[in-house]
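The values are calculated or read from the model by the stated rules, or taken from the named source; none is laboratory data. Predicted model, so just to flag it, every value in this text is computed and none were measured. In this analysis, Cβ positions are derived from the backbone assuming ideal geometry, glycine residues included, and neighbour counts consider all displayed protein chains.
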């Protein structure tokens, strides 16, 4: 038992010492100016109980002032309450009053619970739960006559049964009526001697109090015992809070270590500290924001060496959040280096008590934005972007093909991108294309064909065998590449959302024109026709062939690249089955297409018994939103 008592006093001492330097919002100068009966506390022999009742009422003056100034029945925290008690006792000591009556009475005013007058904390709570009562009229004026003071006291006693009928704690609510009458209702305020005498039961010198005012004194006396018990409870709660915060801090550190352990070490990528990225982006300032979406935001930043970068930040408030996309992209892209693939400079993982889990990927900054912005700049979202000329479009198609060829054949094991689209193709300062966003990329054994029930990608760009049956091969990326070629050559989106009668996939639209001999109608009218139409037609034919419904009839990306460069002949275009949109419209209810990753939202769609993560976000995305 003795060790337990020692522990209690030890914790209590720590609590009071920690609160000693806290700021108290109450000015206790009234203790020296109000004409209260100090003789009750200094005359010999000292009448302990009478003195303590006077001191508690005297403290009530300060609490009523605090209510008037802040509309709060409670202090913001236990440290502030304890600080106020210490300052109040210092005022008493300056008047040679050394009786301890308040250290256990009021320093738990911060504690709020359902037992504290129904959980009332603020003046607004009081108005909502109690409303307008007799106190609001009976306790006005200077209360200088016995009849006025009696009317105020009687109003308080009539309110008490009403509070009890509302199943509130009538004793504590009656105490609140004292503070409410003196601090809120009465215009003279609690520092007026008459108001302090009548409403708070303060024993004022040369004043005769009636019997009803004694009720207020008794209430303050009872509250002394109640708050004394709550002191121990408050110390225990603070101790528990400290333990909880330490545990959460340990969990956050464990989370950071766990994510780092999932990403294989690589000399080409750097682990950034969150402070470095905050400095680079000026505290992740809105002025540096260059893209945002459902999974995070992208900021432009400048590192200490002057390098301009793009910081992709994925936010997750859950300590145990899913980091698969982050670790997948960080691990895959840190292994690759190619002039047509967006280079990853590094990554960062941090966990904050307020912001939650923070995951960042740091890339080279692409000053000319995304291909999507240049192709569809007539839609009003990409002001200032010039239409692409034919030579630029030709080079971009070749760049993308080379980047894909590297992923498929330049790495062991090969990597399937799975999310090739115009928003994931970025343009550097020289308008060289770089394939970006490897959050959905998948490594595979050479020559292996995967079957999966979890399909990920963007509708319109997904190969039909992958979207419908979960069959993933290198030719799934080839299909998406074929769609990209047709978009670049036509300036038309993968799905025509401007038609009022029907929506047609670009692959079906282009095939109909080629089959009817009107291939020139495919070419974007904004494209400068200073090149060979034969070469332009060849590019269209390669796009149609790559985006063929039948897997076996598609070329590999290596073969497609040779066809584009004229090194091998293009075979006769085979017929196509029924338009792809006829089959697909049954599965995808929302046909707007664009970025997947941090810029869009994903919807799970049932595909052959599995779950498909399909991007259905607005296609008019910002430059870096799909990184």
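Here are the numbers for this structure:
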{"quantity": "Residue match in region 250-263 (condition: modelled with pLDDT under 90 and part of a strand (DSSP E or B))", "calculated": "no"}
{"quantity": "Residues located in region 286-302, provided they are crowded, with 17+ Cβ neighbours inside 10 Å and either modelled with pLDDT under 75 or not in a strand (DSSP E or B) (or both)", "calculated": "288, 292, 293, 295, 296"}
{"quantity": "Residue among 283, 321 that alone is in the same structural domain as residue 349 (by TED's automatic domain parsing), outside any helix (DSSP H, G or I) and modelled with pLDDT under 60", "calculated": "321"}
{"quantity": "Where residue 52 falls short, out of the listed (1) surrounded by 20 or more Cβ atoms within 10 Å (Cβ to Cβ); (2) in contact with a strand residue (DSSP E or B) (Cβ under 6 Å, 6 or more places away or on another chain)", "calculated": "(2)"}
{"quantity": "Among the residues listed as 415, 420, 398, the single one being in a strand (DSSP E or B) and assigned by TED's automatic domain parsing to the domain that holds residue 462", "calculated": "415"}
